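Here the structure comes first, spelled out in structure tokens, and everything after it is commentary.
The values are calculated or read from the model by the stated rules, or taken from the named source; none is laboratory data. None of these values were measured; they are calculated from a predicted model. Using ideal geometry, Cβ is built from the backbone for each residue, glycine included, and neighbour counts are taken over all protein chains shown.
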Amino acid sequence: MKKHATPHIFRYTHISVLAEAGVDLPTIMKHVGHDDKETVMKIYMHVTEKMKKNASERIKIHFRSVLNITNSQKM
């Protein structure tokens with residue numbers, strides 16, 4: 001399926017890339033001029049594979065001592 005590039009697609013991609021880069025929601029909202037976080041969350045943001053991997057890594061690092069995980073182990 002071929003899609004045409006529209007301003008909305010660029011906006012959607014921009015917001016998704018900001019989220020994937022770890023930019024917090026209030027900063028994204030201010031950057032793109034949205035006051036309603038529900039709008040941003042429902043319409044623009046989605047969980048990418050990179051976001052899933054990054055979240056898993058952050059959890060592993062944060063809870064390493066609690067989970068008794070060594071550098072060579074994977075979750």
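Within region 8-36, residues that are farther than 19 Å from Ser56 by Cα reach partners that are in a helix (DSSP H, G or I) and aromatic (Phe, Trp, Tyr) with beta carbons closer than 9 Å, at six or more positions or on different chains, in the pairs Arg11/Tyr44; Tyr12/Tyr44; His14/Tyr44; Ile15/Tyr44; Ile28/Tyr44; Val32/Tyr44; His34/Tyr44.
One residue stands out in region 56-75 among those that are part of a loop (DSSP other than H, G, I, E, B) and not small (Gly, Ala, Ser): the one that is modelled with the lowest pLDDT, namely Met75. Among the residues of region 22-37, those that are exposed (fewer than 12 other Cβ atoms within 10 Å of the Cβ) and at pLDDT 85 or above comprise Asp24, Pro26, Thr27, Lys30, Gly33, Asp35, Asp36.
Restrict the check to region 38-55 and report whether at least one residue is within 17 Å of His8 (Cα to Cα), part of a loop (DSSP other than H, G, I, E, B) and at pLDDT 80 or above. Can you show your working first?
Taking region 38-55 first, the residues within 17 Å of His8 (Cα to Cα) are 39-46.
Keeping just the survivors that are part of a loop (DSSP other than H, G, I, E, B) gives 45-46.
This time we only want the ones that are at pLDDT 80 or above, so: none.
Looking for residues that are within 17 Å of His8 (Cα to Cα), part of a loop (DSSP other than H, G, I, E, B) and at pLDDT 80 or above, one finds none in region 38-55, hence no.
Residue-level check: of (1) at pLDDT below 80; (2) part of a loop (DSSP other than H, G, I, E, B); (3) over 10 Å from the mean Cα position of the chain (by Cα); (4) surrounded by 12 or more Cβ atoms within 10 Å (Cβ to Cβ), Met1 misses just (4).
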